[in-house]
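A.B. asks: The structure is given below, and queries will be raised subsequently.
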Amino acid sequence: MESGYVTTPFGRRPMSLGMLANQQLAETIEPGMKRGKWKLFRAICEARPALGVTDRALTVLDALLTFYPDDEISEEKGLIVFPSNAQLSLRARGMTPATLRRHLAVLVEAGLILRKDSPNGKRYARRDREGAVGEAFGFSVAPLLARAVEIETLAAQAIADRELTRVTRERLTVCRRDISKLIAAALDEAVPGDWERISMMFRALVLRIPRVASAEELAPLLDEMELLREEVVNLLERHIKVKKVDANESQTERHKQNSNPNSTSELEPSFETKQGAKAAVDKDPDAGPREERRLKQAVKSAGMNPEISRAADPAAGHRLKSFPLGLVLQACPQILDYGPGGTIGNWRDLMSAAVIVRSMLGVSPSAYEEACAGMGPENAATVIACILERGGHINSPGGYLRDLTRRTERGEFAIGPMLMALVRANGGVRRDAG
């Protein structure tokens with residue numbers, strides 16, 4: 001530093017211990033220390049929050065450095081700049097004198113510059129006969145040189161923190177996107193799971209993400225978000241494995257059925273029309289009328305039109321017709337628990353309940369879609385209700401549904417006997433549909 005004594009501010013400005021400490025620090029410049037002023041200024045800008053200065057104060061520092069005569073700050077070139085307020089205001093983008101004084105005080109308080117006031121408070125320099133500056137009064141940039149290493153370290157830390165924050169926020173954004181799309185896929189595919197709870201947890205986490213935050217604040221949120229994503233992925237992977245098992249079981253079951261075409265179904269014999277049924281009717285001429293009378297009785301007990309559906313007649317063709325909804329619900333009362341509000345009042349409610357039950361039973365969407373195409377949506381929902389009713393007797397609901405769909409296409413399956421068997425099994429007990 002150019003003077004080895006303490007300087008006090010001119011006029012009413014008070015002296016403080018902080019100013020004294022900054023002056024003492026400025027005297028600790030190592031011999032031969034040099035720094036490029038603009039490189040050092042950029043480091044100050046990076047470390048601005050740690051240094052406790054405002055962006056407007058940095059505008060004033062930028063203007064002050066333009067008055068330094070060299071690109072490198074060093075003791076050999078002098079450390080005092082002495083512009084007038086008018087000149088400094090012009091280079092500080094036209095800042096008013098009052099604002100200029102306020103931000104100069106901020107720079108002094110932050111320990112980035114020192115005041116070296118003349119006896120009358122003016123800023124000027126005394127020169128010798130050769131024109132060299134002998135003594136100058138104004139602002140000393142000695143603290144910048146004395147704190148250069150500290151400033152550069154703070155700047156490097158600020159850059160590293162900013163990069164870490166950027167990477168953390170990017171990971172949080174990707175994780176947030178992953179969870180959102182995975183939940184949407186799970187809902188679209190009707191994957192079993194408590195997706196309402198998971199969605200609520202996800203929304204709560206999203207609401208906790210601040211608009212401006214450090215890496216330390218974002219890190220716990222990222223950890224929670226990644227744990228939630230892992231839970232969602234695990235649920236979906238388990239569902240995929242179940243689907244693969246169902247597909248394998250379906251292939252095995254199909255192979256067994258093809259190798260033994262005379263084998264019976266997993267349900268009781270009266271659940272479907274089998275080969276040889278026609279021969280039985282031929283042997284007993286009254287068998288057909290008896291079955292027809294039982295079906296009429298069941299339809300009457302459901303409070304519906306006693307007209308018999310042609311679905312009970314294998315000769316009616318491959319296309320199945322729906323039975324009365326009341327009869328379906330009498331045969332399959334368990335499906336009521338899955339209707340809207342625990343009731344089923346129409347076919348739309350039954351089909352909605354069937355979608356839920358299909359997912360619960362592990363029947364793949366493709367198997368159910370094939371059933372809807374082959375049997376019709378109402379009949380596919382009816383078959384799902386029947387499978388639910390006798391779920392304990394069916395090892396692979398998905399494979400069984402595919403088999404019934406293929407039999408329907410060949411004209412070998414009718415829903416009537418299936419419903420009648422369940423009506424008899426339930427003893428005619430009926431629950432309200434809605």
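A.B. asks: Given the structure, is Glu217 modelled with pLDDT under 55 and either in a helix (DSSP H, G or I) or open to solvent by less than 90 Å² (accessible area, probe 1.4 Å) (or both)? Outline the logic, then answer.
C.D. replies: Values: modelled with pLDDT under 55: no; either in a helix (DSSP H, G or I) or open to solvent by less than 90 Å² (accessible area, probe 1.4 Å) (or both): yes.
Against the criterion (modelled with pLDDT under 55 and either in a helix (DSSP H, G or I) or open to solvent by less than 90 Å² (accessible area, probe 1.4 Å) (or both)), Glu217 does not qualify.
A.B. asks: State whether the residues of the range 320-341 include one that is at pLDDT 85 or above, of a type in the set (S, T, N, Q), open to solvent by less than 50 Å² (accessible area, probe 1.4 Å) and within 18 Å of Arg424 (Cα to Cα). Break it down into steps so the answer makes sense when it comes.
C.D. replies: Filtering the range 320-341 for residues at pLDDT 85 or above gives 324-339.
With the extra rule that they be of a type in the set (S, T, N, Q), the set shrinks to 330, 334.
Filter once more, so that each one left must be open to solvent by less than 50 Å² (accessible area, probe 1.4 Å): 330.
Next, from what is left, pick out any that are within 18 Å of Arg424 (Cα to Cα): 330.
Yes, because at least one residue in the range 320-341 is at pLDDT 85 or above, of a type in the set (S, T, N, Q), open to solvent by less than 50 Å² (accessible area, probe 1.4 Å) and within 18 Å of Arg424 (Cα to Cα).
A.B. asks: Looking at (1) open to solvent by 60 Å² or more (accessible area, probe 1.4 Å); (2) at pLDDT 85 or above; (3) outside any helix (DSSP H, G or I), which is the one condition that is false for Gly427?
C.D. replies: Among (1) open to solvent by 60 Å² or more (accessible area, probe 1.4 Å); (2) at pLDDT 85 or above; (3) outside any helix (DSSP H, G or I), the lone unmet condition for Gly427 is (2).
A.B. asks: Moving on. Got at least one residue in the range 193-215 being closer than 30 Å to Ile113 by Cα and touching a strand residue (DSSP E or B) at 6+ places or on another chain (Cβ under 9 Å)?
C.D. replies: Of the range 193-215, the ones closer than 30 Å to Ile113 by Cα are 214.
Keeping just the survivors that are touching a strand residue (DSSP E or B) at 6+ places or on another chain (Cβ under 9 Å) gives none.
No, the range 193-215 has no match at all.
A.B. asks: Same structure, new question: With the requirement that a residue be without any contact (Cβ under 8 Å) to a residue 24 or more places away in the chain and either of a type in the set (Ser, Thr, Tyr) or open to solvent by 70 Å² or more (accessible area, probe 1.4 Å) (or both), what does the range 49-85 give you?
C.D. replies: Residues satisfying the conditions are Asp55, Pro69, Glu76, Lys77.
A.B. asks: It is to be established whether one or more residues within the range 356-366 are open to solvent by less than 10 Å² (accessible area, probe 1.4 Å), at pLDDT 90 or above and not hydroxyl-bearing (Ser, Thr, Tyr). Even if it seems obvious, please write down each step before you answer.
C.D. replies: In the first step, residues of the range 356-366 are kept if they are open to solvent by less than 10 Å² (accessible area, probe 1.4 Å); the result is 357, 363.
If we keep only those that are at pLDDT 90 or above as well, we get none.
Within the range 356-366, none of the residues are open to solvent by less than 10 Å² (accessible area, probe 1.4 Å), at pLDDT 90 or above and not hydroxyl-bearing (Ser, Thr, Tyr).
A.B. asks: Among the residues of the range 374-416, which ones are open to solvent by 10 Å² or more (accessible area, probe 1.4 Å), in a helix (DSSP H, G or I), touching a helix residue (DSSP H, G or I) at 6+ places or on another chain (Cβ under 9 Å) and modelled with pLDDT under 85?
C.D. replies: Gly391
A.B. asks: Right, here's the next one. Six or more apart or on different chains, Cβ under 7 Å: which pairs go from a residue in the range 161-187 that's closer than 29 Å to Pro365 by Cα to one that's assigned to a helix (DSSP H, G or I) and open to solvent by 40 Å² or more (accessible area, probe 1.4 Å)? Could you list them?
C.D. replies: Filtered contacts from the range 161-187: Cys175/Glu226; Cys175/Arg229; Asp178/Arg229; Ile179/Arg229; Leu182/Val233.
A.B. asks: A follow-up question, please. Kindly establish whether Lys116 is of a type in the set (Lys, Arg), within 30 Å of Cys45 (Cβ to Cβ) and modelled with pLDDT under 90.
C.D. replies: Details: of a type in the set (Lys, Arg): yes; within 30 Å of Cys45 (Cβ to Cβ): yes; modelled with pLDDT under 90: yes.
In short, yes.
A.B. asks: Select from the range 188-212 the residues that are more than 13 Å from Thr173 (Cα to Cα), of a type in the set (A, V, I, L, M, F, W, C) and outside any helix (DSSP H, G or I) and list them in ascending order.
C.D. replies: Residues satisfying the conditions are Ala190, Val191, Val212.
A.B. asks: Out of curiosity, is Ile159 closer than 27 Å to Arg101 by Cβ and at pLDDT 90 or above?
C.D. replies: Details: closer than 27 Å to Arg101 by Cβ: no; at pLDDT 90 or above: yes.
So Ile159 does not fit the description; no.
A.B. asks: Output the residues belonging to the range 181-212 that are surrounded by fewer than 16 Cβ atoms within 10 Å (Cβ to Cβ) and among the small types (Gly, Ala, Ser).
C.D. replies: Ala184, Ala185, Ala204
The values are calculated or read from the model by the stated rules, or taken from the named source; none is laboratory data. Values in this document were obtained by computation on a predicted structure and should not be read as measured data. For neighbour counting, all protein chains shown are included, and Cβ atoms are generated from backbone atoms with ideal geometry for every residue, glycine included. Heavy atoms of the whole protein, side chains included, go into the accessibility calculation; ligands, DNA and RNA do not. Shrake-Rupley method; radii C 1.70, N 1.55, O 1.52, S 1.80 Å.
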